[in-house]
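Below is one structure, written out as structure tokens, with a few remarks after it.
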Amino acid sequence: MEQQKLPNATMIIVLSIASIVLCWCYGLLGLILAVIALILANKSVNLYKTSPELYIDYSTIKTGKVLAIIGLVLNILFILMIVWIIAMVGWDALQDEELMRERMEDIMNQ
């Protein structure tokens, strides 16, 4: 039997890298991409485990999975940072530049 590539290997890598790059888009877009990459990677890993002799690029899937986990963590951290900032300065301060400046000065002077 001829060995073949695991399905979606390239897509998993692309989605994983994109999730890391796009984690600054409020964490949501990158989070979605990381989750999709993890789901695809898990499907490919399960396919590989059923018949490892048929496939040649398992290391690509593992790399993509690690990158997706990194992207997932970065996106979650960015979301938590946004929530923390909103909790510290308040939603109303995000809409008003002068109020934001006052709240930031209060936080810095504490």
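Residue check: Asn109 meets all listed conditions (1) open to solvent by 90 Å² or more (accessible area, probe 1.4 Å); (2) within 16 Å of Val21 (Cα to Cα) but one, namely (2). If the condition is being under 17 Å from Leu6 (Cα atoms) and in a helix (DSSP H, G or I), then the stretch 51-67 contributes Pro52, Glu53, Leu54, Tyr58, Ser59, Thr60, Ile61, Lys62, Thr63, Gly64, Lys65, Val66. A Cβ distance below 6 Å, combined with a sequence gap of six or more or placement on separate chains, defines the contacts here; from the stretch 16-30, residues that are closer than 14 Å to Val73 by Cβ reach residues that are polar (S, T, N, Q) and open to solvent by less than 80 Å² (accessible area, probe 1.4 Å) in the pairs Cys23/Asn75; Gly27/Asn75; Gly30/Ser19; Gly30/Asn75.
If only residues of the stretch 49-67 that are modelled with pLDDT of 95 or more and of a type in the set (Lys, Arg) are counted, the one that is surrounded by the most Cβ atoms within 10 Å (Cβ to Cβ) is Lys65. Could you check the stretch 89-103 and list, in sequence order, the residues that are open to solvent by 50 Å² or more (accessible area, probe 1.4 Å) and assigned to a loop (DSSP other than H, G, I, E, B)? Residue satisfying the conditions is Asp96 alone.
The values are calculated or read from the model by the stated rules, or taken from the named source; none is laboratory data. All values derive from a computational prediction rather than experimental measurement. Quick reminder, even Gly has a Cβ in these numbers, built from the backbone with ideal geometry, and neighbours come from all protein chains shown. The accessibility values were calculated without ligands, DNA or RNA, using every heavy atom of the protein model including side chains. Shrake-Rupley method; radii C 1.70, N 1.55, O 1.52, S 1.80 Å.
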